[in-house]
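Inspection log for the structure reproduced underneath, given as structure tokens.
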Amino acid sequence: MKGHYKSDKDIINALKKGGKETNKALAHLFENKIIFNRVQNYVLYNGGGVQDATDVYIESLIILEKNIRKNKFKQDSTLMTYLTGIAKYCWSQMKKSKGIPIAGNESMALELEIIDTPEHLFITNELKAKLNQALELLGEKCKTLLKMWSQNYSSEEISKHLEMPTPGAVRKQKFYCKERLAEIIKSDLKVFGVYLNE
Amino acid sequence: MNDIKDKIQDLVSGKLSGSEEMEVQASINENVELQEYYQLLLLSEKAIEEEIASEHRSFLKSKSETTQKNQTKGNTIIYWIGIAASVIILVLSISTANLSFTDGDLADQYTYNTISIRSADSEEDIIFNQAQKAYRDGDYEKVWAKLNDIVLSGSLLEKDKEWLTAVTYLKTEGSESDSFKNSVSKITSDPQHPYHEDALKLMSELQSFWRLFVVKK
């Protein structure tokens, strides 16, 4: 999986940087025909269509980016193998949500693949909507700060982007914003209570 | 309290080392208030991650749409180029067939290209040249009259006469006429005939694929 990047390590570094670098690396992976065809063949062979394959590939790249950013990818395998594993897992989740039965041999293969596969992002649409509402209540500045913080932007970059007085103020502001978000969620325990301890 | 909360935030964001993780996890396990805070932060983290995922999803979907558009555009261009090329080939083929493949056109083509003017050494040669000229002038009655005046047999001139007779029948009565068929078969069945090859070629052109389609006599 080379192309514009000399090695998997270069791609991983780009994905960890956030912003334009992440988008460039994601676009590079998205345009990788070898791995896309591998994923597409798997999806088509296991009861999906061409559009399903594209959706699976997009979701897999999103999970890959998150796991790399959070250091969950231990680099025991190549990026291609890891991404293919995620894609297989993604398709099994999508099949479940679509009510398509998973064949016995397919789930067995998945169990083997999944050993090193990642925590995933599949949450219900209902929870997504509620979390989105909570973020809206937080305000634009806090939301942007938390997103940038999670994406490993430096304090200098964040302070410059948000026109904050000093980089040192970023960490304090981040703490405050997370506290506030936790408060918003706590204030609506009727809604979120069911999702706690999941 | 804020210190440990800050560390729990880092734990949830995946920004702690292995040993730090264990330390913070132990603190959480000992304190109910921190356990609740930790759970709330997990949900907060999901909210932030979903927001990031949503941005990546939009970016990748727009990439996918662009790729699909380009593919469709490329396919459409190739499709229309194919159609245009087919139409051009069809028009050229039909127009070529129409221009040169009628019975009369073929007769003219074979008369002008295969029979040469004779050297006028004898009266028959002169008559034959007059017959050829009459053909060029479109005076076919005169052609027949002049050809009837040639009485030599077994000579090359007689072979010229047979060939001119065949192509004149083609010109005046068409390829389906018995007169043409009889006169030309006499030449095609004789491998020694000087116009044998020309006659075979003429018959092949008369029976060509395009003539079956767009024959004009």
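Here, each number is a calculation from the coordinates, and none is a lab measurement. Everything quoted here is computed from the prediction, not taken from an experiment. Heads up, the Cβs are rebuilt from the backbone with ideal geometry, glycines too, and the neighbour counts pull from every protein chain shown.
Extending 7 Å from the Cα toward the beta-carbon at both A:Gln93 and B:Asp139 defines two label points whose distance is 9.8 nm.
Kirkwood radius and radius of gyration were both taken over the C-alpha atoms of region B:156-196, and their ratio Rg/Rh is 0.96.
What the Cβ-Cβ distance of A:Thr124 and B:Ile78 gives, at R0 = 56 Å and to the nearest 0.05, is a FRET efficiency of 0.80. Annotation: for a label point projected 7 angstrom from Cα along Cα→Cβ of A:Glu183, residues of region B:1-26 with backbone N closer than 15 Å are B:2.
Between B:Lys186 and B:Ala26, full extension at 0.36 nm per residue minus the direct alpha carbon distance yields a gain of 46.3 nm.
Label-to-label distance for A:Asn132 and B:Ser58 is 1.1 nm, based on points extended 7 Å past Cα in the beta-carbon direction.
Inter-part distance, region B:102-130 to region A:141-187, computed on C-alpha centroids, equals 102 Å.
The spacing between region B:16-74 and region B:161-183, judged by their C-alpha centroids, is 91 Å. Per-residue Cβ neighbour counts within 10 Å put A:Asp188, B:Asp137, B:Asp108 in the sequence B:Asp137, A:Asp188, B:Asp108, beginning with the fewest.
Taking B:Leu34, B:Leu156, B:Leu170 in turn, the Gaussian network model of chain B (Cα-Cα springs below 10 Å) assigns the largest fluctuation to B:Leu34. Note on chain B: with a GNM built from Cα contacts shorter than 10 Å, the maximum mean-square fluctuation among B:Thr188, B:Thr72, B:Thr111 falls on B:Thr72.
The simple spin-label model puts a point 7 Å past each Cα toward its Cβ; for A:Ile100 and A:Ala169 those points are separated by 5.2 nm. Rounded to 0.05, the FRET efficiency of the A:Lys17 and B:Gln109 pair, given R0 = 60 Å and the Cβ-Cβ distance, is 0.20. For region B:40-84, list residues with backbone N below 14 Å from a point placed 7 Å from the Cα of A:Gln51 toward its Cβ? Only B:65 fall inside the zone, counting backbone N under 14 Å.
Measuring against 20 Å, Cα to Cα, the residue pairs A:Lys141/B:Lys46; A:Lys143/A:Lys174; B:Lys146/B:Lys201 contain B:Lys146/B:Lys201 as the ones spanning a longer distance. For the protein assembly as shown, taking Cα atoms only, Rg and Dmax work out to 43.4, 135 Å respectively.
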